[in-house]
Amino acid sequence: MKSLKIAAGWLLGTFILLQFVRIDMPPPPKAEPEEEIEAPSEIAAILERSCYDCHSNHTRWPWYSHISPISLEIKSHVKNGRNWLNFSIWKSYDEEKRRKLYKGIARSVEWKMPPADYMLLHKEARLSPKERKALKEWAMSHLEEEKR
Ligand code: HEC
């Protein structure tokens, strides 16, 4: 029993110490409201619901995002996600970057995005096969447009 108590003490101590570990979350890249991506409203709604937490400046931080070590994981996800793709600065991207991202979106919505672990905690972000198809077609339509 005693060793169990000691182990529990260590765990608790470690947990408390972890609260002092912080990742500096850089402020989101400055964005003008007019740099936000424009999309038909049903597409915009899907993006906002399923992608914006990691790919925009409009992250909704849940309460557990402030608790270490979960917070470290979440913040690095958002940082990484924004680096790859930030819908809030979409219009500041050049043609080539947008093309690459449209391609990436078409590919990633098949299964990779939104990430599965995120959807466990965010049921509202789940996409139906129909919504995935709509996103994919929307992204593809931009690729075809530019080919002409
Ligand atoms: C929980 C955070 C999170 C959410 C939500 C999320 N992403 Fe991502 N996304 C990431 C991270 C992190 C990366 C960086 C690369 C990686 O980890 O694969 C990324 C990378 C990407 C990329 C570039 C990489 C590639 O494979 O081409 C695209 C495109 C993308 N996401 C699209 C989306 C779309 C579309 C949605 C919504 C349907 C979405 N993501 C939702 C975290 C997220």
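For this structure, a couple of remarks:
- Identity of the residue in the stretch 116-137, touching a residue at least 40 places away in the same chain (Cβ under 8 Å) and not small (Gly, Ala, Ser), that ends up nearest to the ligand (Cβ to nearest atom): TYR118
- Subset of the stretch 114-145 [among the hydrophobic types (A, V, I, L, M, F, W, C) and part of a helix (DSSP H, G or I)]: ALA116, MET119, LEU120, LEU121, ALA125, ALA134, LEU135, TRP138, ALA139, MET140, LEU143
- Residues (away from the ligand (no atom under 12 Å from the Cβ) and surrounded by fewer than 17 Cβ atoms within 10 Å (Cβ to Cβ)) located in the stretch 69-89: PRO69, ILE70, LEU72
- Residues that are of a type in the set (A, V, I, L, M) and open to solvent by 30 Å² or more (accessible area, probe 1.4 Å) were ranked within the stretch 120-136; the one that is farthest from ASN80 (Cα to Cα) is ALA134.
- ARG49 being among the basic types (Lys, Arg), within 12 Å of the ligand (Cβ to nearest atom), open to solvent by less than 80 Å² (accessible area, probe 1.4 Å) and over 27 Å from LEU18 (Cβ atoms): yes
- A search for C-beta distances below 9 Å between a residue of the stretch 92-109 that is among the acidic types (Asp, Glu) and any residue that is open to solvent by 60 Å² or more (accessible area, probe 1.4 Å), counting only pairs 6+ apart in sequence or on different chains, returns GLU95/GLU146.
- Filtering SER41, SER68, SER88 for residues that are polar (S, T, N, Q), over 13 Å from the mean Cα position of the chain (by Cα) and farther than 22 Å from LYS123 by Cα leaves a single hit, SER68.
- Residue pairs meeting the criteria (Cβ under 9 Å; at least 6 apart or on separate chains; first more than 24 Å from ILE37 (Cα to Cα), in the stretch 57-70; second assigned to a loop (DSSP other than H, G, I, E, B) and β-branched (Val, Ile, Thr)): SER65/THR59; SER68/VAL21; PRO69/VAL21
- Within the stretch 90-113, if we keep just the residues that are open to solvent by 70 Å² or more (accessible area, probe 1.4 Å) and not in a helix (DSSP H, G or I), the residue that is farthest from the ligand (Cβ to nearest atom) turns out to be ASP94.
The values are calculated or read from the model by the stated rules, or taken from the named source; none is laboratory data. The structure presented is a predicted model; accordingly, all values stated were derived computationally and were not measured. Glycine gets a Cβ as well: all are built from the backbone with ideal geometry, and neighbour counts include every protein chain shown. When the accessible area is computed, the model is the full protein with side chains, heavy atoms only, and any ligands, DNA or RNA have been set aside. Shrake-Rupley method; radii C 1.70, N 1.55, O 1.52, S 1.80 Å.
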